[in-house]
Amino acid sequence: MLLVIGFVFAGLAALIHVYIFVLESVRWTHPSTRRIFGASAEDAETTRPLAFNQGFYNLFLAIVTVIGIVIAAGASAPVGIALMLAGTGSMLAAALVLILSDRSKARAAIVQGFFPLIAVVLLVVVLI
């Protein structure tokens, strides 16, 4: 049962990171996205290549996590759990870096790191 709940939280974490990918890599200069990130039009244009790249990091973490869910649900639970931990653990680490580097980004770090944290805890408990 804990494994299934871990799947759910890992899946939610992946969905949030796909959303972040869309914001950073597709919609970075749109006014609504600039408001979310507190960026001016000039800053958004200047940082567009960096945001584009960072968005893909978020997408790749989501993909690794989803592949882990699929593998754990089907062929091999240990391999799938390892992939889910790689994806969600990296998401959680990125959230920690965000809050440690800029306390004003605490809300964003919580959004980015809450579901991965729950997934990591549940998956580690499953492994124990």
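Rule-based calculations on the coordinates, nothing more; no lab input. The shown structure was predicted, so the numbers you read here are calculated from the model rather than taken from an experiment. Here Cβ is always computed from backbone atoms with ideal geometry, including for glycine, and neighbour counts include all displayed protein chains.
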If you go through Ile16, Ile20, the only one that is more than 15 Å from Ala86 (Cβ to Cβ), surrounded by 15 or more Cβ atoms within 10 Å (Cβ to Cβ), in contact with a Pro (Cβ under 9 Å, 6 or more places away or on another chain) and among the hydrophobic types (A, V, I, L, M, F, W, C) is Ile16
From the option list Ala62, Ala39, single residue qualifying as small (Gly, Ala, Ser) and in contact with a His (Cβ under 7 Å, 6 or more places away or on another chain) is Ala62
Those residues of region 23-38 that are buried (at least 18 other Cβ atoms within 10 Å of the Cβ) and outside any helix (DSSP H, G or I) come to a total of 1
The residue that is surrounded by the most Cβ atoms within 10 Å (Cβ to Cβ), considering only those in region 74-103 that are hydroxyl-bearing (Ser, Thr, Tyr) and within 18 Å of Tyr57 (Cβ to Cβ), is Thr88
Within region 39-55, the residues that are under 24 Å from Thr88 (Cβ atoms) and surrounded by 13 or more Cβ atoms within 10 Å (Cβ to Cβ) are Ala51, Phe52, Gln54, Gly55
Checked against (1) surrounded by 15 or more Cβ atoms within 10 Å (Cβ to Cβ); (2) aliphatic (A, V, I, L, M); (3) part of a helix (DSSP H, G or I), Ala106 satisfies every condition except (1)
Of Thr47, Thr65, the only residue that is closer than 15 Å to His17 by Cα, part of a helix (DSSP H, G or I) and among the hydroxyl-bearing types (Ser, Thr, Tyr) is Thr65
